Amino acid sequence: MITNMPKHMKGVQLLGHGSAEMLQYRDDIPVPLPGLDDVLIRVSAAGVNNTDINTREAWYSKHDGVTSDASWSGNALVFPRIQGADVCGIIVAVGENVCQKRIGERVLVEPCLNHANDQALVSPWYFGSECDGGFAEYTRVAAKHAYAINSNLSDIELASFPCSYSTAENMLTRANVTYKDRVLISGASGGVGSAAVQLAKARGAYVIAITSPSKNQQLLSLGADRVIDREAELVATLGENSIDVVIDLVAGKQWPQFLHLLKPGSRYAVSGAIGGALVEFDVSTLYLKDLSFFGCTVLNSEVFAKLITYIEQGKIKPLVAKTFPLVDINAAQQAFIQKNHVGKIVLSI
């Protein structure tokens, strides 16, 4: 039984697909009750991500000329929805199947869920998409997805990690990046891109980052060995067959050049298409060069635990570009869309 808990909380609800007006800040949202396998978290901070905006704008529903009310994973989206995949907070209550000793733990939420509503999921959910997330004072999640964190970093700093860094680590894991590799990272100044730079360097790889010239020094300070202008002709700059792994978050007009850059037998991993999802693809290059392609969405089982270890050991550092209070979520998302920052934009709850 939960005692001394408020019945209502402040939060932001997404009322439907559309512009920023579809986000409504309220102070009368019922506080969720934990299920048998859940923990209830008092949210301290939550990061802003592409998926929040893409879901609101129905980007995931617009494929092959067919419009559907789809969420991030393709399942039907239920409104109103509290978004927010990046969460740092404190466990304040637990379900009957969860050890009471977990109350008081500071935790990070693993954003890719395989357990919810007291049952294993047939296909993964995304926190803040198929279920309510962290843009509110309280949130609930299956206990297995709430990872205790022991760190001197602030809640704001910790909230910059979950989605971006787990996505980046998952891409590097799938592509089996090692110290022997020359790795090219597109969209390197964003949350996932800047995380990929740090995590690839932690593996000892040689890292080449693609970004705008104004962000060169920031990426070099993160560990990038070389930075290339995003408008550059990549093949002319780097040479054919010069790259072992491409970590792609952009796609768009530059995409065909990646095929020429990749060495025979090399790897390409993608987890974003902010530059445009439809690209020109020469299939013969794929098989003649024996390339391996990885579409990366669902996290490998070991990824988030490894990320927690990296944080606790200080092997990666947070990169917070700006912070906003939750009530200013529209301003935070507008700053995110403008892409003038390096790292993460985080909301204080």
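Here's the yes/no breakdown for (1) in a loop (DSSP other than H, G, I, E, B); (2) in contact with a helix residue (DSSP H, G or I) (Cβ under 6 Å, 6 or more places away or on another chain):
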{"residue": "268", "(1), (2)": "no, no"}
{"residue": "272", "(1), (2)": "yes, no"}
{"residue": "304", "(1), (2)": "no, yes"}
{"residue": "317", "(1), (2)": "yes, no"}
{"residue": "332", "(1), (2)": "no, no"}
Residue 340 meets each of (1) at pLDDT 95 or above; (2) open to solvent by 50 Å² or more (accessible area, probe 1.4 Å) with one exception, condition (1)
Select, from 227, 207, the only residue that is in a strand (DSSP E or B), in contact with an Asp or Glu (Cβ under 7 Å, 6 or more places away or on another chain) and either at pLDDT 95 or above or open to solvent by 10 Å² or more (accessible area, probe 1.4 Å) (or both). 207
Looking at 174, 140, which is the one that is closer than 21 Å to residue 40 by Cβ and either basic (Lys, Arg) or touching a residue at least 60 places away in the same chain (Cβ under 8 Å) (or both)? 140
Any pair with Cβ under 9 angstrom, 6 or more apart, that starts in the range 200-214 at a residue that is without any contact (Cβ under 8 Å) to a residue 24 or more places away in the chain and over 15 Å from residue 245 (Cα atoms) and ends at one that is open to solvent by less than 50 Å² (accessible area, probe 1.4 Å) and assigned to a strand (DSSP E or B): 213/227
Subset tally (residues that are part of a helix (DSSP H, G or I), open to solvent by 10 Å² or more (accessible area, probe 1.4 Å) and under 14 Å from residue 245 (Cα atoms)) for the range 166-197: 2
Selected residue (criterion: farthest from residue 223 (Cα to Cα)) from residues of the range 280-309 that are aliphatic (A, V, I, L, M) and buried (at least 17 other Cβ atoms within 10 Å of the Cβ): 291
Condition broken by residue 160, with the remaining ones in (1) open to solvent by 40 Å² or more (accessible area, probe 1.4 Å); (2) within 23 Å of residue 189 (Cβ to Cβ); (3) in a loop (DSSP other than H, G, I, E, B) satisfied: (1)
In the range 310-330, residues that are open to solvent by less than 50 Å² (accessible area, probe 1.4 Å) and farther than 14 Å from residue 218 by Cα total 6
Can you give me the ranges of the strands (runs of 3 or more DSSP E) entirely in the range 49-157 with at least 1 residues that are at pLDDT below 95 and open to solvent by 60 Å² or more (accessible area, probe 1.4 Å)? 119-126
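The values are calculated or read from the model by the stated rules, or taken from the named source; none is laboratory data. Being a predicted model, the structure only gives us computed values, none of them experimental. Positions of Cβ are generated from backbone atoms using ideal geometry, with glycine treated the same way; all protein chains shown enter the neighbour counts. Note: areas computed on protein heavy atoms with side chains; ligands, DNA, RNA excluded. Shrake-Rupley method; radii C 1.70, N 1.55, O 1.52, S 1.80 Å.
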